[in-house]
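These notes are about the structure you will find just below.
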Amino acid sequence: MNPRKISVVVTARPSYSRIRSVLQAIQAHPALELQLIVSASALLDRYGSILDYVAADGFEVAARVYMVLEGENLTAMAKTTGLGLVELSTVFDNLRPDVVVSVADRYETLATAVAAAYMNLPVAHVQGGEVTGSIDEKVRHAVTKLANLHFVSTHGAAERVIKMGEDPASVFMTGCPSIDLAAEVAARPALDFDPFQKYGGVGRQVDLSGGYLVVMQHPVTTEYAQARHNITETLHAVQQSGLPALWFWPNVDAGSDETSGGIRAFRENQQPPNMHFFKSMSPVDFLRLIVNSRALVGNSSVGIRESSYLGVPVVNIGSRQQGRERSQNVLDVSHDRAAILAAIQQQLSHGPHAPDHLYGDGQAGPRIAEYLAHLPLHIEKRLAY
């Protein structure tokens, strides 16, 4: 019996770290054949191309899909989704997978699910059923309705998917694959590399020996007009904290230009002595940097997921993670520099939190691979196949 062909579509830098353990488990499974499709901002150097990390991890890329339109605004997001639908349909027609795996809630994920569903290809959705606020939540729930298999991260997410009308027999509580990577880092947490030497970046090379912050703040698509104000408030708060800060570039969502512009203007005008800016890092190095930090600041989901497992103090700013299940390590604040600074100081005083397995136990990848290998696929393939 031929192995099942599993097409996994990775659309952005964070998505690769979320699905890496699944890719490893699929590649190692004798009943599965991995077809890795890298697309959208995951291919673009300005947002942190993942191609070098993919190659270093031993994966081959079956197809590359260039689909991002310039603009970093709402129109560009909509058109990028449309272009992705056109291009991914061709890729699926060429690769002819048995299952298409779609990850999380980015707008490019919607193109993946629509293309596969219209081509009668079973869709497996990872991280469905979660509440996140903004357009991301709508995309996530839309993908749920297009999916046939649901690999969810929490019991609450499983209940939500079932309440949306999905067959309980198609919903599997696997845990979040990003926790697999966190578990790998927790087993060997030492910061065994020099981030400045390995990744370069811009800004002064700060002294990390006395503790440091990690900052990652993305624009919020439903609030993209406030992106510059929001990032400026965080920049001032982090500067006033006095701690060295390692800052990571935002993703490609609407408002990204304003977020990036705010960072550049602050860097040039203020010349902050305690900040260094990076484009991206390998998923393992990034988590090692976080687990050795005194706190994570911003609005990335890594503060909600991986940081809960690792017990890292988090200052979560604004509405981007609104409604998402969270652990005691997260302190929520508004886009106000005084509130952000006070929250940073509170988390510094608290120190590390107890690890929480809310999002999984570190074995999601092998579970998902087993399900992909053995679950019945009910959708009939096209006669042309």
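The values are calculated or read from the model by the stated rules, or taken from the named source; none is laboratory data. These figures come from a predicted structure and were not determined experimentally. Using ideal geometry, Cβ is built from the backbone for each residue, glycine included, and neighbour counts are taken over all protein chains shown.
Name every residue in the range 224-243 that is modelled with pLDDT of 95 or more and touching a Ser or Thr at 6+ places or on another chain (Cβ under 6 Å), in order of residue number.
I231
Here's a check for you: in the range 258-309, which residue that is among the aromatic types (F, W, Y) and touching a residue at least 60 places away in the same chain (Cβ under 8 Å) is farthest from G71 (Cα to Cα)?
Among them, the one singled out is Y309.
Return the residues of the range 190-244 that are among the basic types (K, R), crowded, with 17+ Cβ neighbours inside 10 Å and closer than 13 Å to P272 by Cα; say none if nothing qualifies.
If the condition is that a residue be among the basic types (K, R), crowded, with 17+ Cβ neighbours inside 10 Å and closer than 13 Å to P272 by Cα, then no residue fits.
Can you spot a residue in the range 347-357 that is in contact (Cβ under 8 Å) with a residue 60 or more places away in the chain, surrounded by fewer than 20 Cβ atoms within 10 Å (Cβ to Cβ) and of a type in the set (G, A, S)?
Looking through the range 347-357, none of the residues is in contact (Cβ under 8 Å) with a residue 60 or more places away in the chain, surrounded by fewer than 20 Cβ atoms within 10 Å (Cβ to Cβ) and of a type in the set (G, A, S).
Would you point out the residue of the range 245-283, among those that are buried (at least 18 other Cβ atoms within 10 Å of the Cβ) and among the aliphatic types (A, V, I, L, M), that is modelled with the lowest pLDDT?
A254
For the range 88-103, what are the residues that are in a helix (DSSP H, G or I) and surrounded by fewer than 19 Cβ atoms within 10 Å (Cβ to Cβ)?
S89, T90, D93, N94, L95 - these are the residues of the range 88-103 that are in a helix (DSSP H, G or I) and surrounded by fewer than 19 Cβ atoms within 10 Å (Cβ to Cβ).
Kindly check whether there is at least one residue in the range 126-137 that is outside the structural domain of P250 (by TED's automatic domain parsing), touching a residue at least 60 places away in the same chain (Cβ under 8 Å), assigned to a helix (DSSP H, G or I) and surrounded by 22 or more Cβ atoms within 10 Å (Cβ to Cβ).
yes
Given the structure, is I368 assigned to a helix (DSSP H, G or I), over 19 Å from R20 (Cα atoms) and either β-branched (V, I, T) or touching a helix residue (DSSP H, G or I) at 6+ places or on another chain (Cβ under 8 Å) (or both)?
no
Please find, within the range 104-125, the residue that is nearest to the chain's Cα centre (by Cα) out of those that are modelled with pLDDT of 95 or more, crowded, with 18+ Cβ neighbours inside 10 Å and outside any helix (DSSP H, G or I).
Filtering first and then ranking leaves H125.
Just checking, which of L74, L43 is at pLDDT below 95, out of contact with any strand residue (DSSP E or B) (no Cβ under 8 Å at 6 or more places or on another chain) and within 21 Å of Y107 (Cα to Cα)?
L74 is the lone residue from the list that is at pLDDT below 95, out of contact with any strand residue (DSSP E or B) (no Cβ under 8 Å at 6 or more places or on another chain) and within 21 Å of Y107 (Cα to Cα).
Does at least one position in the range 308-330 carry a residue that is closer than 30 Å to A28 by Cβ and out of contact with any helix residue (DSSP H, G or I) (no Cβ under 7 Å at 6 or more places or on another chain)?
yes
Could you say which residue among V100, V68 is at pLDDT 95 or above and assigned by TED's automatic domain parsing to the domain that holds A142?
V100
In the range 135-166, how many are charged (D, E, K, R) and either modelled with pLDDT under 95 or under 17 Å from the mean Cα position of the chain (by Cα) (or both)?
4
So, in the range 291-319, how many residues would count as being in a helix (DSSP H, G or I) and either under 23 Å from V103 (Cα atoms) or among the basic types (K, R) (or both)?
Total meeting the criteria: 8.
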